[in-house]
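Remarks on the structure that follows.
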Amino acid sequence: LDEVRRDFVANISHELKTPIGAVGLLAEALVSASKEPEQVKRFAKRLRKESERLANITQEIIELSRLQATDALTKADLVDVDQVVALAIDQNRVAAETNRIALVSGGDAGAEVYGDEDLLVTALHNLIANAIQYSPEGSRVGIGVSATDGVVEIAVTDQGVGIAEDEQDRVFERFFRSDPARSRNTGGSGLGLSIVKHVVQNHGGDVRVWSQPGHGSTFTIRLPESSHAAAASLGGIA
Ligand code: ADP
């Protein structure tokens with residue numbers, strides 16, 4: 001456990017080092033460019049981007065440690081899956097419009113699960129945000145819900161870059177990125193999918209990935225349907 005903790009701290013430090021270094025350099029650049037308004041604007045914009053990145057990483061680290069601190073949910077309410085989908089889509093609307101990506105949702109209406117709505121929205125939000133992040137302009141991201149045999153599936157499908165087969169398991173690891181350089185440009189932290197995995201596990205479900213490099217990916221969250229799962233018997237619910 002100590003080793004895992006040490007690794008985690010080392011990874012975090014590494015992740016924070018780059019944006020913190022950038023902030024320092026940009027501050028110096030601002031001082032040197034103080035007489036050139038256009039340059040000042042450009043550096044200030046980049047400074048804001050780096051600070052957003054730092055805020056995101058910090059937020060994700062807090063979320064992840066909270067999720068890891070306990071495998072039990074403190075809340076197990078009846079959650080309307082349509083509502084989870086609507087909220088997660090809403091949170092990604094601006095990013096989708098900026099990247100000219102169409103978000104399309106559909107499938108079984110009225111499915112319900114037991115759990116924590118905020119956490120489920122966070123998980124689905126992360127999947128949709130990734131789908132947008134790793135897709136070309138003008139493509140589509142689909143969010144489909146189905147409820148069969150007591151299992152609710154929420155699938156997020158994109159037409160993006162895809163993930164190599166040997167990396168498909170690893171994407172759920174903390175800090176894993178299939179292409180560090182590209183991910184860095186997109187401002188990712190490598191924690192999003194590991195948060196998804198923890199949330200879904202805490203809800204007694206799992207998350208799977210199917211992907212074909214160059215064609216796209218589908219991430220599927222599977223959760224026990226409320227009518228088939230007595231709250232008490234749900235994995236991990238206190
Ligand atoms: P990040 O913050 O880097 O997006 P994630 O944990 O969310 O971190 O994802 C880990 C890595 O998995 C990403 O860096 C990316 O390489 C890959 N990945 C995740 N989602 C997708 C997707 N929809 N299409 C292609 N690659 C993806």
| request: Could you check how much of the accessible area of the range 100-211 is carbon and sulfur, as a whole percent, using a 1.4 Å probe? | output: 43 percent
| said: If every alpha-carbon in the chain counts as one equal scatterer, what log10 I(q)/I(0) does Debye give at q = 0.07, 0.10, 0.11, 0.14 1/Å? | reply: -0.26, -0.52, -0.62, -0.96
| request: Identify which of 167, 28, 225 has the largest mean-square fluctuation in a Gaussian network model of the chain, with springs joining Cα atoms closer than 10 Å. | output: 28
| note | Toy charge model, Lys and Arg Cβ at +1, Asp and Glu Cβ at -1: the range 103-225 dipole around Cα centroid in debye, rounded to 20, equals 500 debye
| query | So, with a 1.4 angstrom probe, what is the percent of accessible area on the range 51-91 that is carbon and sulfur? | reply | 50 percent
| note | Sorting 119, 146, 130 by the position of each Cα along the dipole of the range 105-149 (Lys, Arg +1; Asp, Glu -1; all at Cβ), the one nearest the positive end of that ordering is 130
| said: For the range 34-149, place one equal point scatterer on every Cα, skip the solvent, and apply the Debye formula. What is log10 of I(q)/I(0) at q = 0.20 Å⁻¹? | reply: -1.18
| Accessible area of the range 45-173 divided out per residue, in Å², using a probe of 1.4 angstrom | 53 Å²
| said: Report the rotationally averaged projected area of the range 40-104 based on its alpha-carbon convex hull, in square nanometres. | reply: 6.7 nm²
| query | Mind checking the dipole of the chain: about its Cα centre, +1 per Lys or Arg Cβ, -1 per Asp or Glu Cβ, Debye to the nearest 20? | reply | 1220 debye
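The values are calculated or read from the model by the stated rules, or taken from the named source; none is laboratory data. Since this is a predicted model, take the numbers as computed values, not measurements. Backbone-built Cβ (ideal geometry, glycine too); neighbour counts: all protein chains shown. Side chains included, ligands, DNA and RNA excluded: accessible areas come from the protein's heavy atoms. Shrake-Rupley method; radii C 1.70, N 1.55, O 1.52, S 1.80 Å.
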